[in-house]
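Down below is the structure, laid out as structure tokens.
The values are calculated or read from the model by the stated rules, or taken from the named source; none is laboratory data. If you're wondering where the values come from, they're calculated on a predicted model, not measured in any experiment. Cβ sites come from the backbone with ideal geometry, for glycine too, and all protein chains shown count toward neighbours. Note: areas computed on protein heavy atoms with side chains; ligands, DNA, RNA excluded. Shrake-Rupley method; radii C 1.70, N 1.55, O 1.52, S 1.80 Å.
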Amino acid sequence: MAGDGRRDRGPRRGAEGGRSQDGGRSRRSRDGERKPFAKRDGERKPFPRRDGERKPFPRRDGEHGTSSRPPQDSRRREHDDPDIPEGVTARDLNPAARNELKTLSKENAEGVAQHLAMAAALIDDDPALAHRHALAASRRAGRIAVVRETVAITAYALGDFALALRELRTYRRISGRDDQIALMVDCERGVGRPDRALEVGRAVDRAALPTAVRVELAIALSGARLDLGQPERALLELDIPELDPGRAFAWSPALFAARGAVLEELGRDDEAARWRQRAEVAAAVLDDELASDDVVIVEELEEEQAEGEDDT
């Protein structure tokens with residue numbers, strides 16, 4: 001499912017907890033991953049309730065008058081919200097994501113942040129439980145962009161591409177952002193609409209996208225081309241300036257691996273092997289703490305290739 005140059009649609013790692021499409025490491029630089037809790041470049045404004053969204057629960061601190069709603073713990077039992085382990089607090093959530101919760105009451109913001117933090121912590125090992133935490137957050141704060149984004153990413157990890165796509169559309173309306181456009185393309189592929197996937201990807205201004213997002217979009221579009229039986233055009237989708245075999249950025253392993261997969265589809269096995277090797281070397285030399293704009297010169301790869309050429 002992820003635009004990795006493969007036809008399968010298994011979940012890709014991406015969000016803090018997502019899934020990386022093609023051989024990319026799941027714990028890359030926080031700014032280069034599709035993580036819903038990664039650092040943001042600016043606050044998001046809350047937008048009015050959209051169609052189909054749930055209303056958040058009313059304020060609890062300083063609220064006057066009586067209410068017909070059941071107490072919070074009763075609501076939790078009714079919806080079977082997952083428990084929050086002792087010691088998990090709002091501070092376990094990325095500060096930029098916490099900042100989006102400022103429009104909520106203090107008590108509600110704390111609970112939503114705890115569920116989002118749990119979703120982030122669990123998505124790699126237990127995506128089903130992560131999704132339950134995301135839904136619990138959505139019941140309390142359905143108008144918050146990062147909440148809908150988290151529901152989308154956890155649904156994607158479970159293979160529920162239709163739900164993920166609906167949530168991504170809502171997230172996009174609320175936030176006005178295109179930073180999950182590659183995931184939207186993948187979801188269109190996942191529901192069997194590669195033509196629509198191409199339309200969605202082509203509708204955005206690529207020049208306005210962050211570099212990491214632009215690369216992921218190229219990979220996703222390449223995968224859609226493969227779905228349509230167009231491997232030559234799939235290869236062209238990957239001919240982007242970021243495809244530099246001599247340097248390794250956070251996005252390089254996935255990009256190199258995607259190119260290798262398309263070349264293999266074309267029967268160009270020797271070239272495919274070289275790009276897969278580049279992906280492995282790039283992943284090995286990239287430190288997990290590097291920011292997405294940091295770069296490593298992949299000298300090891302060039303040396304290995306030179307040795308291989310001397311042997312032939």
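Of the residues Glu188, Glu232, Glu199, Glu216, the single one that is in contact (Cβ under 8 Å) with a residue 12 or more places away in the chain and surrounded by fewer than 16 Cβ atoms within 10 Å (Cβ to Cβ) is Glu232.
State yes or no: is Leu158 touching a His at 6+ places or on another chain (Cβ under 8 Å) and open to solvent by 20 Å² or more (accessible area, probe 1.4 Å)?
Values: touching a His at 6+ places or on another chain (Cβ under 8 Å): yes; open to solvent by 20 Å² or more (accessible area, probe 1.4 Å): yes.
Considered against the rule, which asks whether it is touching a His at 6+ places or on another chain (Cβ under 8 Å) and open to solvent by 20 Å² or more (accessible area, probe 1.4 Å), Leu158 comes out as yes.
Given the condition over 15 Å from the mean Cα position of the chain (by Cα), among the aliphatic types (A, V, I, L, M) and crowded, with 24+ Cβ neighbours inside 10 Å, answer yes or no: does some residue in segment 172-179 qualify?
yes
Ser252 meets each of the listed conditions (1) open to solvent by 20 Å² or more (accessible area, probe 1.4 Å); (2) without any contact (Cβ under 8 Å) to a residue 60 or more places away in the chain; (3) of a type in the set (Ser, Thr, Tyr) apart from (1). Highlighted here are the helices (runs of 4 or more DSSP H) found entirely within segment 207-312 that include at least 2 residues which are modelled with pLDDT under 95 and touching a Ser or Thr at 6+ places or on another chain (Cβ under 9 Å): 269-285. Is it the case, given these coordinates, that Glu107 is touching an Asp or Glu at 6+ places or on another chain (Cβ under 6 Å) and either in a helix (DSSP H, G or I) or without any contact (Cβ under 8 Å) to a residue 40 or more places away in the chain (or both)? Yes: the conditions hold for Glu107. Only one of the listed residues (Arg143, Arg189) is under 21 Å from Asp227 (Cα atoms), out of contact with any Leu (no Cβ under 6 Å at 6 or more places or on another chain) and of a type in the set (Lys, Arg). That residue is Arg189.
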